[in-house]
Amino acid sequence: MTFMLHDTARREVVPFEPNEHVLMYTCGITPYDATHLGHAATFIAYDVLVRHLIDKGHTVRCVRNVTDVDDPLFAKARELGVHYLDLAAGQEARFERDMVALNALPVASSPRASSAIPDIRGFIGMVIDRGYAYEAGGSVYFDVSKFESFGSVSNYTHDEMIEFAKQRGGNVDDANKRNPLDFVLWHPSAPDEPSWDTLWGPGRPGWHIECSALALRELGTTIDLHGGGADLIFPHHECERAQSEAATGEPFVKHWMHTALISMDGEKMSKSLGNLVFVDALREIYDPRVIRLGIVEHHYRTEWEWDDELMPRNVDRLARWERNARSNPDLLDEVRARLDDDLDTPGVFAAIDDAAARGDGVLEASALLGVDLAPA
Ligand code: ZN
């Protein structure tokens, strides 16, 4: 069966037919705090994707970066009075423990932005050489007027892009910019921030360039699938694509997959609002498989709201599945068909729940979701 998967840029569910070896990049964490359920839901969604691709006979090289050169990390390190790389290393280790507990397959690499300064310098040089960037006031900006298809990942209008840029940290009023949507490739550092020398002055990279440089270094010019939370569509992914294609002249991404945000108390779960459920706190109470089930019972493109019944409901579900942890190859066809339909995990849950209710085995079907049952 053909694997159908939603593509953000094309705004529809389309066949996802990569070669045998799949090159994949997902934007990882900024390591300044513990992993919350919103992060976990994103990375578990890509883990379900990777498992499905492997089940279909692919091999997958998935790169998930660590954004350890970034404003919120510096701010938190400043607040705690620690070196930003020490803070990052501790939080990254915490994140990895959560991912292992949630039975996420290891990624091929988790490169740090701080490891990529030479790559970023070279990358910015390529963008400048090809005429897509300009220097002003000690910064280097990408010139969106030179890149005609800017906006074709998000499909946002010019006004929508301005609005999202304002909301998500883009300084649209920066007097050095020729166009308010131009974005920073390199800029001077604050006095207590790390700074690296370049031909166009000392400073540090902009956020978007870190992922473009790491994707090129680790995966090459064109990747099969790029992922991240839906809040990264604009400006982050729009800007990544523009600068990558400007630098290499090649298509950057064949398929864009984004995961819906999770809310709590009616607002998006976010560090800035503080309405968070932390994975390590849940792990103190629940079997990590229950947490994974609680995530995967939702479709990756459907926004959902945390509710206090989510974990108890999946404690019961895990117990029912475990009572039926016997082999049942017949269920696999149905589960695979559901996954081929844009990773329809709610459909998979319905099929497995029904089988368990009938007393049929669910062992292999559950494993396809990354939930390993102890054989009954
Ligand atoms: Zn990124």
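Miscellaneous remarks
- Positive-end residue of Asn314, Tyr132, Asn171, charge dipole of the chain with Cβ unit charges: Tyr132
- The residue list His226, Trp196, His208 was ranked by how far each Cα lies along the charge dipole of the range 123-252 toward its positive end, using unit charges on Cβ atoms, and Trp196 comes out on top.
- Between Asp353 and Ser152, full extension at 0.36 nm per residue minus the direct alpha carbon distance yields a gain of 68.4 nm.
- In a fully extended conformation the segment linking Ser115 and Arg10 would gain 34.5 nm over its present Cα-Cα distance, using 0.36 nm per residue.
- By DSSP, the beta bridges lying fully in the range 17-143 are antiparallel in about 35 percent of cases.
- Here the range 29-135 is treated with +1 on each Lys and Arg Cβ and -1 on each Asp and Glu Cβ, and its dipole about the Cα centre works out to around 320 debye.
- Among 362-368, 181-187, the order from most to least packed when residues are scored by Cβ within 10 Å on average: 181-187, 362-368
- With all protein chains modelled, accessible area of Val172 [1.4 Å, Å²]: 20 Å²
- Given charges at Cβ of Lys, Arg, Asp, Glu: the chain dipole, positive-most of Leu181, Ala9, His255: His255
- Relative contact order [Cα under 8 Å, 6+ residues apart], the chain, whole percent: 20 percent
- Prolate/oblate/rounded label for the range 136-179 (Cα gyration tensor, a/c 1.5): oblate
- Take 16-28, 285-297, 237-249 and order them by the average number of nearby Cβ atoms within 10 Å per residue, most first; the result is 237-249, 285-297, 16-28.
- Placing +1 on each Lys and Arg Cβ and -1 on each Asp and Glu Cβ, with no other charges, gives the chain a dipole about its Cα centre of roughly 540 debye.
- For the chain: accessible area per residue (Å², 1.4 Å): 41 Å²
- Average Cα contact separation per residue, the range 51-178, under 8 Å, 6 or more apart, as relative contact order %: 20 percent
- Per-residue extension of 0.36 nm, minus the Cα-Cα distance of Glu305 and Arg168, leaves a gain of 47.1 nm for this segment.
- Asp333-Ala281 FRET efficiency (beta carbon distance; Förster radius 41 Å; 0.05 resolution): 0.60
- The simple spin-label model puts a point 7 Å past each Cα toward its Cβ; for Ala136 and Leu80 those points are separated by 3.7 nm.
- Taking the 1.4 Å solvent-accessible surface of the chain as the whole, the part contributed by carbon and sulfur is 49%.
- Cα long-axis angle, helix 329-340 against the chain (0 to 90 degrees, to the nearest 10): 30 degrees
The values are calculated or read from the model by the stated rules, or taken from the named source; none is laboratory data. Since the structure is predicted, the reported quantities are computational estimates derived from the model, not experimental observations. Positions of Cβ are generated from backbone atoms using ideal geometry, with glycine treated the same way; all protein chains shown enter the neighbour counts. We work out accessible area using only protein heavy atoms, side chains counted, and drop any ligands, DNA or RNA first. Shrake-Rupley method; radii C 1.70, N 1.55, O 1.52, S 1.80 Å.
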